[in-house]
1. For the range 158-199, take every pair of Cα atoms, bin their distances at 10 Å starting from 0, and report each bin as a whole percent.
2. So how tilted is helix 188-197 from the main axis of the chain? Cα-based, degrees 0 to 90, rounded to 10.
3. What translational diffusion coefficient, in µm²/s and rounded to a whole number, does the Stokes-Einstein relation yield for the range 53-168 at 37 °C and a viscosity of 0.692 mPa s, taking the hydrodynamic radius as the Kirkwood radius over Cα pairs?
4. Over the Cα atoms of the range 85-142, each weighted equally, I'd like the Debye log10 I(q)/I(0) at q = 0.14, 0.22, 0.25 Å⁻¹, rounded to two decimals.
5. For the range 138-193 and the range 89-112, what is the centre-to-centre distance using only Cα atoms, to the nearest Å?
6. Over all pairs of distinct alpha carbons, what does the Kirkwood formula give as the hydrodynamic radius of the range 117-203, in Å?
7. Dividing the alpha-carbon radius of gyration of the range 1-105 by 2.2 N^0.38 Å (N being the number of residues), what value is obtained?
8. From the backbone phi of the range 151-166, what are the Karplus-calculated ³J(HN,Hα) couplings (6.51 cos²θ - 1.76 cosθ + 1.60, θ = phi - 60°) in whole Hz, Gly and Pro given as x?
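Computed from the coordinates by the stated procedures, all read-outs in this text should not be read as laboratory data. None of these values were measured; they are calculated from a predicted model. Methodologically, a virtual Cβ is constructed for each residue, glycine included, from the backbone with ideal geometry; neighbour enumeration extends over all protein chains shown.
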Amino acid sequence: MTTDFDVVLFDLGGVLVDFGGVEPMKELTGIDSDDEIWRRWLSCEAVRVYERGGCGVDEFAAGVVADFDLPLTPDEFVEAFRRWIGGPLPGARELIDETRAVAAVGCLSNTNPLHYDEHFRHWDETAGLEHRFFSYELGAVKPDREIYDRAVAALGVPAGRVVFLDDNLVNVDGALAAGLVARRARGVTEARAALVALGVLAG
């Protein structure tokens, strides 16, 4: 099978990996909407600086607790935060392998040294990705245009030949504005369906 695309980039948390941070933050903040939690999280300056690699975990935690007015100490928040990342979702490795047969495969993920060191770096799924773009290494975060431009430049292919799948609409919109072919996908099943609809994978 041939495809019109050179590279498929997956977000990790919420697409290939179980991300457990939304429900705890909804409970702590009283915000009911997943999309609103993500909007607040992705626009929080402490989060943006930390996931760009610009501060340590203590400064990050203090900023999040203050910004969201959480009923936790910064140390308590860090202990909860380190547990937000679960394991790879069922079928993630198979989807990566199937996609790799027709295109280069990678990830483009907002993450940080704590989650990378304690979770992502230990997994075969992460190691099996040809291109690994982590926000704290790139010095930029989704949904800013800068992170997509840096990833595309590193890939060395036109943005229109890169597929990007993310579970957050704001990140999908950012990728579309940067010229990537982006789709929302929540979990492995939706990711596979998106790739089938784009003609990357056979139905």
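1. Going from the shortest bin to the longest, the percentages are 34, 55, 11.
2. Computed tilt is about 40 degrees.
3. Working: Rh = 16.0 Å.
Estimated diffusion coefficient is 205 µm²/s.
4. Results for the range 85-142 at q = 0.14, 0.22, 0.25 Å⁻¹ read -0.39, -0.92, -1.11.
5. 13 Å
6. Numbers: mean 1/r = 0.0722 Å⁻¹.
Answer for the range 117-203: a Kirkwood hydrodynamic radius of 13.9 Å.
7. Working: Rg = 17.0 Å, N = 105, 2.2 N^0.38 = 12.9 Å.
Normalised Rg, Cα atoms only: 1.32.
8. Working through the residues one at a time gives 5, 5, 4, 5, 6, x, 10, x, 4, x, 9, 10, 8, 10, 10, 9 Hz.
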